[in-house]
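In what follows, a single structure is set out as structure tokens and then discussed.
The values are calculated or read from the model by the stated rules, or taken from the named source; none is laboratory data. Owing to the predicted nature of the structure, the values given are computational and were not obtained by experimental measurement. Cβ placement follows ideal geometry from the backbone for every residue including glycine, while neighbour counts extend to all protein chains displayed.
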Amino acid sequence: MKSYEEMASSLLQRRDAYYNKRKKRMKYSLTVAGSCCLILLVCFGLWHGFKPDAEISKTANIELNINEKDTANLTVTDANMDLAKVDAEIETVKLDDIVDRFEFLKELEVPKEYQNIESYNVFVKNPATNTYDQLHDYVFVYQKDKNHRITLTFSELEKPLRDAYFDDNAKESKIDNTPLTIFKWDDTYLTTFKYNNIFFDIETKGITENELITLLQSIIK
């Protein structure tokens, strides 16, 4: 007959064996459950978080057709460019005085390190008064240095004034179904479009194509 100590020792051994076996089963169950969760998370991520390039492009709703120009072949008499004298006067303004009227100016996304260095209004001659009191354009200039510059011009009347116009038979781009015309020469882009009854003319120098798209998307929403 076993003594009390032997019976207690045997009982403790069986208890320890039971708990060890249970721990192994729990560890196995947790490992399997963890693997299942990992698989579910990966599948969920693949389904919701990771999209193929074609789907991203479709979601972005961007269609780009850049009209590249060779300035070496452009002259005053070139058929692809008409030069016009701009008869106008300008008046310096502060960005803060205009920004509340045009919401897109508050959300404008220009590349880092660019600062608004100049803002002014363009007035044309009023036939009725024969004075330059008809507001035609708003102009805002952002610059990083002399080789990196953005000139944002817009008008509520018609296309903004400029001293050079490229041909109208250019390929059209679209952002969220808004038509745009984009020209490129050297490191310069010229983008024109109409959005929310405002005519835009944006000339950039030294920015990338992606930076240009980001800028345009901050206006076209």
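Residue check: Phe193 meets all listed conditions (1) surrounded by fewer than 18 Cβ atoms within 10 Å (Cβ to Cβ); (2) at pLDDT 95 or above; (3) not charged (D, E, K, R) but one, namely (1). The C-beta contact set for the stretch 194-213 (first residue farther than 21 Å from Glu103 by Cβ and in the same structural domain as Lys174 (by TED's automatic domain parsing), second residue surrounded by fewer than 16 Cβ atoms within 10 Å (Cβ to Cβ) and not β-branched (Val, Ile, Thr), distance under 7 angstrom, 6+ apart or interchain) comprises Lys205/Asn147; Lys205/Asp187; Gly206/Asn147; Gly206/Asp187. For the stretch 104-127, residues that are over 19 Å from Lys194 (Cα atoms) and without any contact (Cβ under 8 Å) to a residue 12 or more places away in the chain total 3.
Just for the stretch 196-212: of the residues that are within 16 Å of Tyr138 (Cβ to Cβ) and among the charged types (D, E, K, R), which one is surrounded by the fewest Cβ atoms within 10 Å (Cβ to Cβ)? The selected residue is Glu203. Just so you know, in the stretch 182-196 the residues that are of a type in the set (S, T, N, Q) and within 17 Å of the chain's Cα centre (by Cα) include one that is nearest to Ile207 (Cα to Cα), and it is Thr191. Take the conditions outside any strand (DSSP E or B), surrounded by 15 or more Cβ atoms within 10 Å (Cβ to Cβ) and under 16 Å from the mean Cα position of the chain (by Cα) and apply them to Leu215. Does it pass? It is true that Leu215 is outside any strand (DSSP E or B), surrounded by 15 or more Cβ atoms within 10 Å (Cβ to Cβ) and under 16 Å from the mean Cα position of the chain (by Cα).
Using the structure shown, decide if Ile62 is within 27 Å of Leu216 (Cα to Cα), at pLDDT 90 or above, surrounded by 12 or more Cβ atoms within 10 Å (Cβ to Cβ) and hydrophobic (A, V, I, L, M, F, W, C). When the stated conditions are applied, Ile62 passes them.
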